[in-house]
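Have a look at the structure below before the remarks.
Since every read-out is calculated from the coordinates, none of them should be taken as a lab result. Here the structure is a predicted model, which is why all the values come from computation and not from measurement. All Cβ positions, glycine included, derive from the backbone under ideal geometry; neighbour counts span all protein chains shown.
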Amino acid sequence: MAALLPAMMRRAGASVWQAAERLVNEQRIHLAVTGLSRAGKTVFITALVENLLALAGGRDTLPALRARLEHGGANRLRGVRLLPAGAGTVQHFNHAAHVAALAAQLPFWPARTGDVAQLSLEIMLERRSAPGRGLGLRRLRLDILDYPGEWLLDLPMLDMAYTAWSAATLARLRTAPRATLCADFLGFVQAFDPAAPADEALLRHGHVLYCAALEACRARGLRYLQPGRFLNPGPRAEVPFMWFFPAAPGAWPAGSGGALLAARFDAYCRDMREGFFEAHFHAFDRQILLVDVLGALHAGRAAFEDTAEAIADLCRLLRGTPGWFGLTRPPIARVAVVATKADHVPALRRAALRHLLAALATPALAGGGAAGGAGPVSLHVAAAVHATRDDRVRLGGRDVEVVLGTPLGEDRARPYFVGDVPAGWPPEAFWSGAYFELPVFRPPRFEAASGIGIPHIGLDEILVAVLGDLL
Amino acid sequence: MSGHGPGFVDVVPGAAPAAEPPARPVLMAALPGAPAVIEPDWQPALLGVPARASSLALLLGGVALLLLGWVGLSAAALVLAAFDRAPAYGWAAASVLGAAAAMIVAAGWREWRAWRTLARVDRLRVLLAGDGEVEQARTAALGWVAAVTRHLPAAEAARAAVAGAGSLAELRATLRHHVAGPLDAAAGLAGQRAAVQAAALVALCPHPALDGLLAGLCGLRLVREVAGLHGLRPGGLATLALGRRVATAAVGTAGVDLIAQGLADHLLQHLPGVRHLAAAVPGATLAAVRLYRLARVTAVACSPLAPPRG
C-alpha cells in the first residue's frame, strides 16, 4: 500500500497538470455549417478542412486567414490536424471519402447532407506576446457540425398545435406555384375525413403523397418546406411518428385518423426537440449559413421569396429571437451568411451577388451589423470549389463576361452567361423570364495528396469573419 | 463599343441599335477547341519558415565585423604612419589603399546588382502567382523580357505579346510560350554541352576521387550559364543564393528522379560522345546525367513562372 501511494500521487499530479494545461492552452469552439438543400454544405466543409490542412503544410491557400495569423511578419500557425473520431455519439463527417470523390478520375460532388455529422480539427497557434509564448502553443479545437438547414425550419413548429400547423401549412400549399405542384396531395386532403376511424394504409398513403409534394416543391426551387425531416429524414426515416401530414382542422374523437396524426405530430416535435435542438442547437458558438441565392433567383419569384422567408426565419433563430418553445438560446457570437456558387458568376459581377444576398437577408439582419466582416453577422460570396474560369465570348453581337465550365455528364467545357444579377431586391420586370436551373459544373482536377488545397473563392474571408477574434 | 468599357454611343440615323445582351442566363454550346476539363488557375504560394538569426550567423557576423574593423583601422593607421614619415610616402600609401578599396566597392556593386536582378525575378514570380493587378505584373514581365532579349529568337513578338496580355492567366501563358519555352530549350542545350564536357573530364581524370570535384566545378559554371540565359548575372554571393533556389527547385521537382533512367537513355542515345565514353568509363554517364538535370533544375529555379518561394 505504501508503495502504491507515490504512484497514485504521481498520477493525480499528472492529471491536475494536464487539466491546468488544457485550461490555459485549449479552447473548444462549436462551428455549425448549415444551409438549405443544394447550398453545398458537405463540399464547403471538405474544402475548408483541406485548405486549412494545406495552409498548415506551408501553402498560402487561405490568404486572408494567413494575414490574420501573421504577427511581426511571421506566421503563427504551427499546425492543423484532424482529430480521431473517438467514442462520440454523433455521426462522423467522412472527410476522406469526400476528398476521394473530388479526387476521383472523373470527379463528382460529394453526396448531400442527410443527418447531423461532426468533424473535429485542432489548430495549433503560437501566442502573439513573448511572455505568452512561454506557456506553449494555443490549441483551438474546432468541432465542425454539418446539419441539414431544413431541420432548423422545424423550430417554429415546436410551439404550435397540430391543428394550427395544419391550417397554416394547407393555406400555404394552396398558393401558387405550390397549388399546382401539390395537386395530388390537396385532392387527397379534400377527400380525407380526419374524424373517421384511423386507417393505417390510408394515413401512409397520405404521408407518401405529402412527401412527394414537398419533393416537387423543393425541385422547383421552393425552400420553406415543413417538416424538414420529411426531405432529409436521417437514419430513422421509417419510425411511425414520421407518418403524418397536414389535415383539415377540426375536433376529432379518440381513435380517429385525425387524432393519430396529431399524436404523431406531437411525437415528431418531441423527438426533434430532444434529439436535435437540445442536443446540438444549444452548443453552437459560431454559425455559417449557406444560401444558394443564384438558384433561388433563377427559380422564379415564388422560389426567391420563399427562400427569403426561410433565410429570415433561420437568421432570427440563430440570433436568439425569443419565443419558440422555450428554446431561445443566447445569440451565436458570429454568424456568416454566405451566397454560394460564386464561381457561376464572373468576378466583375460578384459584388452584385453580395448586394443581392444583403437584400435577401436584410429583413432578418436589422440591427445585426451586416457590414461584411465586422459585427456578429457578416455577408459573403463564396465558392467552396472553384470549378470554372472567367472568359469573354460574343453573345447577341456583343462581348459578354461568362464563366467556362464543364457541365456534369458532358465532356466539353461550355460558356455560361449568368445574365443580370440584380444588386438589390429584384424589380417586378425581372420575374418575366422563365424558370432556369443552374448548371452543375464538374469539379476541377484535384490530387488528394498534393498538399496544395482546393481552389476556392472567399473561404478565407469567411473563416476570418467567423473565427478571427479567436486567432 | 467593346461592351465592357465606358464611352459615348453616337446614334447614327437609320442604323439599327446594338443588340443588348440577354438578361436571362444562358448555357451556351461548347466553342470550337473547348477543353474537356477546366484546369484551375490555382498556385498557392509556398509560405516561408520564420527566419531568425541563428547562433552561427551571429558568430560569423561578429567575426566578419572584427576582421573588417581590424583591416580598416590598420589601413588608416598605416596611412597616418606613412604621412608621419614623409608626405609623398603617405600619398603613395593612400593611393594604393584607395585603389584597393575602389576595387572592393566595384565588386560589391556588382554583387548588389546581381542580388537586385534575383529579387526582381522573385517579385515577378509572386506577382504572376497572385490574383492582383495585371498592370504591375505586365510591367515587371516586360522588364524580364528586356533582360533576356538577346537569348530569344523572336524577341519583338514576345515583347508585343506580353504587352498585349489582358489578364494574369494570359500573361502567364504568353510568358510560357514566347519566353520560357525558348529559354528552357537553350538551357537544355547548355546542359547537353556540359554533360559531354563532364563525361570527358571524368574519363580523363587520373583518380576517381577527383570525379566529384570536376563535376562540381562544371556544375557551378553551368548554373551561372543557365542563370545568364535567364537574365541573371550572379556574382559569388548571388551564386550561393541561386544555389539555394536550385536546391529548392530540385526538391520541388523530385519526380525527376523517377525518370532519371529514361534521361540517361536519352542522353546516351542523342549524345554519341557520352555513349562512347560511357562504354569505357562507367562514372561518365552518371556525371553527364547529373549535369543535364542540373541545367533543367536551374532553369526552373531561374524562371519567374515557377511557384513562388516563401
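Peptide A:415-424 has a mean of 4 when you count, residue by residue, the C-beta atoms of other protein chains within 10 Å of its C-beta.
Debye calculation, C-alpha points only, no solvent: report log10 I(q)/I(0) for region B:62-193 at q = 0.10, 0.20, 0.22 Å⁻¹, in the same order as the q values. One equal scatterer on each Cα of region B:62-193 leads to -0.57, -1.14, -1.27. Using C-alpha pairs under 8 Å with a sequence gap of at least 6, the mean separation divided by the residue count of chain A gives a relative contact order of 19 percent.
Across peptide A:401-410, the average count of Cβ atoms from other chains found within 10 Å of a residue's Cβ is 3. Region B:139-175 and region A:268-313 have their alpha-carbon centroids 51 Å apart. With a Förster radius of 30 Å applied to the C-beta separation of B:Leu78 and B:Trp112, the computed FRET efficiency comes to 0.60. Multiplying the residue separation of A:Asp184 and A:Ala67 by 0.36 nm and removing their Cα-Cα distance gives an extension gain of 36.5 nm. Scaling against 2.2 N^0.38 Å puts the C-alpha radius of gyration of chain A at 1.08. Mean partner shielding of peptide B:166-174, defined as the number of other chain Cβ atoms within 10 Å of each residue Cβ, is 1. Summing charges over neighbours of A:His30, with a neighbour being any other residue whose Cβ is under 9 Å away from its Cβ, gives 0 when K and R count +1 and D and E count -1.
Looking at chain A only, what percent of DSSP beta bridges run antiparallel? Nearest 5 please. Of all bridge pairs located within chain A, approximately 55 percent are antiparallel.
With R₀ set to 30 Å, the beta-carbon distance separating B:His207 from A:Arg78 gives a calculated FRET efficiency near 0.05.
By the equivalent-ellipsoid construction on the alpha carbon gyration tensor, region A:159-277 comes out with semi-axes of 20, 19, 13 Å, ordered largest to smallest. Largest first and in whole Å, the equivalent-ellipsoid semi-axes of region A:404-471 read 30, 24, 8, each the square root of five times a Cα gyration tensor eigenvalue.
Here's how it looks for A:Thr406: its modeled amide H is under 5 Å from those of A:Arg414, A:Arg442, B:Ile38, which are all 5 or more places away or on a different chain. The packing ranking of peptides A:76-83, A:291-298, A:220-227, highest mean first, is A:291-298, A:220-227, A:76-83, where packing means the average number of other beta carbon atoms within 10 angstrom of each residue. The fewest-to-most ranking of A:Met157, A:Met124 by surrounding Cβ atoms within 10 Å reads A:Met124, A:Met157.
As a calculated quantity, the FRET efficiency between B:Leu217 and B:Ala88 at R0 = 45 Å, using C-beta atoms, amounts to about 0.50. Each label point was placed 7 Å from the Cα along the Cα-to-Cβ direction; for B:Leu142 and A:Ala201 their separation is 8.4 nm.
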